[in-house]
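The values are calculated or read from the model by the stated rules, or taken from the named source; none is laboratory data. Just so it is clear, the model here is predicted, and its values are computed rather than measured. Ideal geometry is used to build each Cβ from the backbone, glycine not excepted, and the neighbour counts take in all protein chains shown. These accessible areas exclude ligands, DNA and RNA; they are computed on the full protein's heavy atoms, side chains included. Shrake-Rupley method; radii C 1.70, N 1.55, O 1.52, S 1.80 Å.
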Amino acid sequence: RRVLVVVVLFLVGTLAFSLDVAIGANAGAGHSMFLGGDYTDYIEGWGKRAFFFAYGGGVFVSLGLMEVIAIQPELLYLHIGGADKEEGVATEYYISNYAAPVLLIKLRLGMLNLFAGPAVLFQLGTGEGKVKFEDGSELSGDFDEEALASMLFAATAGVGFQRPLGSVNLVAEVRAFYSFSGFFNEDYEPSVWNPLSIMAMVGVSVPLPR
């Protein structure tokens, strides 16, 4: 509760000194995979990484502190994970959904935006494992309740473009999410698989009158 109060006071104080304020929403899709030596060792010799369809979206508030600098708190929903494939046999998918508070620092250079910031991913549900065989058959099931890490510490960074259109701004961006925490709970699975997701996202923001 104390942390929530501090966050609220920080946002209220920032809002009071902001040069401009906008609210918006965004959504997008891309590819997600696992990095790390443990995962490389796991698939080495029998398989390779496969495409995993990742997607996400949410809402944000952009708070301009200076003409070229803004902070942007976000609340996103993310569907990420990874996949690996044994050629001619099957493709395995590791799937999880997260609610992700994000705090971006943005450098605004005209219509170009460069941004980066921390994120915390809170797991929703238990996650799912799925196997698709080459003959078209499929197996799937939820992970054990304690299998996946309930919280991931991550960072996001990317580049975007913003273009005015009437009373709103259209936003397009490419961003990456990288988790410093392992996908699996260390008590359940000692190997560390770090999710990396790259998405193209589009959205709209609405400047608020001051």
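Restricting to the stretch 102-123, name every residue that is under 29 Å from Ala149 (Cβ atoms) and either open to solvent by less than 70 Å² (accessible area, probe 1.4 Å) or out of contact with any Ser or Thr (no Cβ under 9 Å at 6 or more places or on another chain) (or both). Write out each step before concluding.
Residues of the stretch 102-123 under 29 Å from Ala149 (Cβ atoms): 102-106, 115-123.
Correct list: Val102, Leu103, Leu104, Ile105, Lys106, Phe115, Ala116, Gly117, Ala119, Val120, Leu121, Gln123.
Would you pick out the residues in the stretch 160-210 that are under 22 Å from the mean Cα position of the chain (by Cα), more than 21 Å from Pro118 (Cα to Cα) and acidic (Asp, Glu)? Scanning the stretch 160-210 gives a single hit, Glu186. Here Gly127 fulfils each of the conditions (1) farther than 19 Å from Asn185 by Cα; (2) assigned to a strand (DSSP E or B); (3) open to solvent by less than 80 Å² (accessible area, probe 1.4 Å) apart from (1).
Inspect all residues belonging to the stretch 22-45 and state whether any of them is of a type in the set (A, V, I, L, M, F, W, C), within 24 Å of the chain's Cα centre (by Cα) and at pLDDT below 85. Checked the stretch 22-45: no residue is of a type in the set (A, V, I, L, M, F, W, C), within 24 Å of the chain's Cα centre (by Cα) and at pLDDT below 85. Any chance the stretch 72-92 includes a residue that's of a type in the set (Gly, Ala, Ser), open to solvent by 10 Å² or more (accessible area, probe 1.4 Å), in contact with a Leu (Cβ under 8 Å, 6 or more places away or on another chain) and in contact (Cβ under 8 Å) with a residue 40 or more places away in the chain? No, the stretch 72-92 has no match at all.
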